[in-house]
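Report on the following structure.
The values are calculated or read from the model by the stated rules, or taken from the named source; none is laboratory data. None of these values were measured; they are calculated from a predicted model. All Cβ positions, glycine included, derive from the backbone under ideal geometry; neighbour counts span all protein chains shown. Ligands, DNA and RNA are stripped out before the accessible areas are found, and what is left, the full protein with its side chains, is counted by its heavy atoms. Shrake-Rupley method; radii C 1.70, N 1.55, O 1.52, S 1.80 Å.
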Amino acid sequence: MEFVNFTGEETEKEFLKKCLKQWEISIEQAPVRALMQLGSMFAEVRHRVAELEEK
């Protein structure tokens, strides 16, 4: 299973590009696998938003 590695050190542009890449990877997968991958990606988005709100 391919998954984009989010390091937490990405710029906003790099982060969004990685999200798009993960989307492209996920839509090629079986539905259950795609949902797991997208769920992980959105968990990273939630974490990133929380960090921005702390600033």
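Assorted remarks:
- Members of segment 1-13 that are part of a helix (DSSP H, G or I) and open to solvent by 90 Å² or more (accessible area, probe 1.4 Å): Lys13
- Residues that are within 8 Å of the chain's Cα centre (by Cα) and open to solvent by 40 Å² or more (accessible area, probe 1.4 Å) within segment 24-38 are absent altogether.
- The requirement of being within 15 Å of Phe3 (Cβ to Cβ), among the acidic types (Asp, Glu), at pLDDT below 95 and not in a helix (DSSP H, G or I) is satisfied by Glu28.
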